[in-house]
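Encoded as structure tokens, the structure appears first; notes follow it.
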Amino acid sequence: MTFAPKTIIEPFKVRSVEPLPMTERDDRLRHLETARFNLFGLRAEHVTIDLMTDSGTGAMSQEQWAAMLAGDESYAGSRSFFELEAVVRDLTGKKHVIPTHQGRAAERILFGVVGQRGHVVPANNHFDTTRANVEASGCEALDLVIAEGKDPTSDHPFKGDVDLDRLDTLLRERGASVPLVLVTVTNNTGGGQPVSLANLRAVRALTQRHGVPLFLDCARFAENAWLIKEREEGQSSRSAEEIAQEMFRLADGAMMSAKKDGLVNIGGFLALDDDELARRCRNALILTEGFPTYGGLAGRDLAALAVGLREVLDERYLAYRVASVRYLHERLAAAGVPLLNPPGGHAVYLDARAFLPHIAPEDLPGQALSVALYLEAGIRAVEIGTVMFGHTDASGRQVPSPMDLVRLALPRRVYTQSHVDYVIEAVRYVHEERRSLRGLRIVDEPPTLRHFDCGFEPLEAAT
Ligand code: F0G
């Protein structure tokens, strides 16, 4: 007899706890009104389950906290830096390791150095801060994800893959104006979908042929490696670490927001081989971030990251992580809730347009659904749709984005299965009651990145 459990238990015990805020519906309505129905305006203490992001919201392990106590706070040459450098070199195979305070600092430094007006940076999809930093450097940010990556109903296992024909054409026609090719693993903007090793190898061959460097935006590299192990033919017997190491060795460099798969609350880095590029990045780093052996972080942050980058490749952790995202996805799909398929590495995305077909895209179905999840259950999600990527035209009407999604991102090692069960119950309840939901309109908005602090007003019910 062998016990073969189906339940994938959290591979950790909880020894330090934080109370879960519990609120009443009347209070939540008041908080929504105070926040002008913008969930970024809520106080976290009024949120029961916070699924706004998986970035910097994870729980650290006892080994990470212990490493923090032993962090070396020297301005230059900190021991904690050398610990981090050794771990990142082993993982990525890159010679130069340059810490930064978070991912977008690494983006600004890299594109500030390699970007030029009129040039173009192709990627599967750029994350929004990556796009902003590419564009701030004068380059065009071009998304070349495969067609399946844009279809919410497609079950393609690697919807983060780059369209190789389009990349080949671009490199043939404009190769001299491409400072680097970027591949985001997993592809957050496209739904946390993984990139296959076969695709990365093919992108490598193309970039090599055209003499253009290849970089990874590796915020969720470990989840990507695990999904390769689970889904790609011939990869199941390799370890997640081996797969991750191969992913990095196919690239010339990487930039990381360590707030995701670094399992820390703050941090990032650049890793690369090119000596001259590294020198220029370090110069830019000193200007705004700090000396190259701390890069805007405390020594203790470097120490915690060195431990986190090893822990994240623990296969029991990765199996549990991806299984909990899949669990949420499968239970919601079984209840008929429209979702972006298949489940990715860090989040489940509700298809708000299909969820609320009676709310026109101009009336912001994604925002309506996010507001309802908070009002009914104290759950905070994030709208990834018309509010984030659409705009108001000259006549004051909303120009919708291609999709209206609501992202439920799971922080790492924070919530248990019963928390996830609560989320499933809440989404199902809102789905059953969906016909009572109304749209919203924007009543005030800033000129850029409006989703962070624009104000909304619920529309009156149609009579
Ligand atoms: N690249 C990717 C793929 C990201 O998802 C993020 C952040 C960044 C870069 C920027 O890193 O926040 O450390 O400066 N994503 C967060 C999110 C904010 O909610 O998905 P950062």
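The values are calculated or read from the model by the stated rules, or taken from the named source; none is laboratory data. Bear in mind that the values here come from a model prediction, so they are computed numbers and not experimental data. Methodologically, a virtual Cβ is constructed for each residue, glycine included, from the backbone with ideal geometry; neighbour enumeration extends over all protein chains shown. Just the protein is used for accessible areas: all its heavy atoms, side chains included, with ligands, DNA and RNA removed. Shrake-Rupley method; radii C 1.70, N 1.55, O 1.52, S 1.80 Å.
The number of residues in the range 131-141 that are of a type in the set (A, V, I, L, M) and open to solvent by 40 Å² or more (accessible area, probe 1.4 Å) comes to 2.
Conditions tested, residue by residue: (1) closer than 30 Å to N199 by Cβ; (2) assigned to a loop (DSSP other than H, G, I, E, B); (3) under 25 Å from the mean Cα position of the chain (by Cα); (4) assigned by TED's automatic domain parsing to the domain that holds R450.
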residue	(1), (2), (3), (4)
L32	no, no, no, yes
E45	no, no, yes, yes
E83	no, no, no, no
D90	yes, no, yes, no
P99	yes, no, yes, no
L110	yes, no, yes, no
V113	yes, no, yes, no
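Residues that are closer than 21 Å to S61 by Cβ, of a type in the set (D, E, K, R) and out of contact with any helix residue (DSSP H, G or I) (no Cβ under 8 Å at 6 or more places or on another chain) within the range 1-38 comprise K13, E18, listed in sequence order.
This table checks each residue for (1) over 29 Å from G192 (Cα atoms); (2) touching a residue at least 60 places away in the same chain (Cβ under 8 Å).
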position	(1), (2)
M22	yes, yes
D26	yes, no
T48	no, yes
A59	no, yes
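Against the numbered list (1) surrounded by 24 or more Cβ atoms within 10 Å (Cβ to Cβ); (2) free of Cβ contacts under 8 Å to residues at least 60 places away in the same chain; (3) farther than 22 Å from L340 by Cβ, F221 comes up short only at (3). Highlighted here are the strands (runs of 3 or more DSSP E) found entirely within the range 340-413 that include at least 3 residues which are at pLDDT 95 or above: 347-351, 405-409.
Restricting the first member to the range 126-152 and to residues that are in a helix (DSSP H, G or I), and the second to residues that are open to solvent by less than 60 Å² (accessible area, probe 1.4 Å) and of a type in the set (S, T, Y), the beta-carbon pairs closer than 7 Å and six or more apart or on different chains are E148/S154.
For G160, state whether it is farther than 20 Å from D301 by Cβ, in a helix (DSSP H, G or I) and within 16 Å of the ligand (Cβ to nearest atom). Criteria not met by G160. When we screen H156, H126, H119 for residues that are farther than 29 Å from Q235 by Cβ and assigned by TED's automatic domain parsing to the domain that holds W226, the only hit is H119.
Would you mention how many residues in the range 433-454 are closer than 15 Å to Q398 by Cα and surrounded by 14 or more Cβ atoms within 10 Å (Cβ to Cβ)? Of the residues in that region, 8 qualify. Taking the range 293-324 as the range and being among the hydrophobic types (A, V, I, L, M, F, W, C) and either more than 18 Å from the chain's Cα centre (by Cα) or surrounded by fewer than 24 Cβ atoms within 10 Å (Cβ to Cβ) (or both) as the test, the residues that pass are L297, A298, L302, A303, A304, A306, V307, L313, L318, A319, V322, A323.
All but one of (1) within 16 Å of the ligand (Cβ to nearest atom); (2) in a helix (DSSP H, G or I); (3) open to solvent by less than 40 Å² (accessible area, probe 1.4 Å) hold for S55; state the number of the condition that does not hold. S55 satisfies all of (1) within 16 Å of the ligand (Cβ to nearest atom); (2) in a helix (DSSP H, G or I); (3) open to solvent by less than 40 Å² (accessible area, probe 1.4 Å) except (2). Under the condition of being farther than 25 Å from T129 by Cβ, of a type in the set (A, V, I, L, M, F, W, C) and in contact with a helix residue (DSSP H, G or I) (Cβ under 8 Å, 6 or more places away or on another chain), which residue from the range 172-218 is surrounded by the fewest Cβ atoms within 10 Å (Cβ to Cβ)? It comes out as A202.
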